[in-house]
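The values are calculated or read from the model by the stated rules, or taken from the named source; none is laboratory data. Keep in mind that what you see is a predicted model, and the values were worked out from it rather than measured. FYI the Cβ positions are ideal-geometry reconstructions off the backbone, even for glycines, and counts take in every protein chain you see. Ligands, DNA and RNA are stripped out before the accessible areas are found, and what is left, the full protein with its side chains, is counted by its heavy atoms. Shrake-Rupley method; radii C 1.70, N 1.55, O 1.52, S 1.80 Å.
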Amino acid sequence: MMHTIRDAGIVFRDEASAAAQKRMGLLIGLVQPFVYMALFGPLLVKMLPESGPSAWQVYIPGLLVQLGLFATGYAGFGLIPDVRSGYLERLRVTPASRLGLLLGRVLWDVLALFIQSVVIVLIALLFGLRAPVGGVLAAIAMMMLVGISLAFLSYSLALKLTSEWLFAPVLNGIALPLMLLSGILLPLSYAPSWLKAIGSANPLRYAVDAMRGFFAGEYGSHAVLTGLAVVVGLMIVSATAGTRIFAKCNA
């Protein structure tokens, strides 16, 4: 275990050092959520009923999941050049832990997501978001678990495809329906029954519902408890599958 933690720490420092030279990338990653918040959020304020959670309590949790989907979900792009250049193959001859090599990358991706999530919440306060601090922190923590899952899955997909030209369209084909069927833009409670049925198979839908529950201060609600169970289960399955694929591809 200590061997894995040490190797993960080394990879994490390497990733952080490289990203420090590309701070602009982190800022650019905030542009899309900000545009959605500025140009789409005000529509919800006028459209959603005034009773119950505010429009910002409904929309910001979905926006955070959208941020995670496009940030950690596309993390595999950074692995493909390492695969193509033979860097990962050279690591095969070292005694480094396979789990540590992958975990270090995932932890950096999740830290970057955390920083971006905090910035989004702070900006949302200026737009009118009001939510309990404990609920916001719990929602961001859940977003980190979702980010871990998506990063593991993204790296697994990158190891299988190993080409940006193939990776991008395949990932876009997966990410778009996942986003629309999770109720990120509008709660699926407004959807017809057939769309709700399809959306029930999407784990991100439960994460969004649970985070909305946190933002509303409904910590013990069915949506929150169900979301926690689904997100933790997704993280375990994703980490296990990702580690096995990573180890197999470098065996």
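Tabulated results
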read-out	value
Cut-off 14 Å (backbone N to label point 7 Å along Cα→Cβ of Val232), residues of region 144-159	145-146
Region 65-167, dipole about Cα centre (Lys/Arg Cβ +1, Asp/Glu Cβ -1), debye to the nearest 20	160 debye
Under the Karplus curve 6.51 cos²θ - 1.76 cosθ + 1.60, θ = phi - 60°, whole-Hz ³J(HN,Hα) for region 219-235, x wherever Gly or Pro sits	5, x, 6, 4, 4, 5, 5, 5, x, 4, 4, 5, 5, 5, x, 4, 5
Residue-averaged [θ]222 nm for the chain, counting only DSSP H segments that reach four residues, each worth -39500 (n - 2.57)	-25000 deg cm²/dmol
Most fluctuating residue given options Val106, Val231, Val35, as computed from a GNM of the chain linking Cα atoms under 10 Å	Val35
Carbon and sulfur %, accessible surface of region 28-119 computed with the full protein complex present, 1.4 Å	70 percent
Accessible-area composition of region 145-197, carbon plus sulfur, in percent [1.4 Å probe]	76 percent
Reference-scaled alpha-carbon Rg (2.2 N^0.38 Å with N residues) for region 107-206	1.26
Share of Cα-Cα pairs in the chain lying beyond 21 Å, as whole percent	58 percent
Region 58-161, Cα convex hull volume normalised per residue, Å³	94 Å³
Exposed-loop-free span, longest in the chain, where chymotrypsin sites (Phe, Trp or Tyr not before Pro) count as exposed if DSSP calls them loop and at most 14 other C-beta atoms lie within 10 Å	41-218
Potential extension, Ile115-Leu176 segment - 0.36 nm per residue separation minus Cα distance	19.6 nm
Spin-label proximity, Trp194 to region 167-185 - amide N less than 19 Å from point 7 Å beyond Cα toward beta carbon	177-178, 180-183
1.4 Å probe accessible area per residue over the chain, in Å²	49 Å²
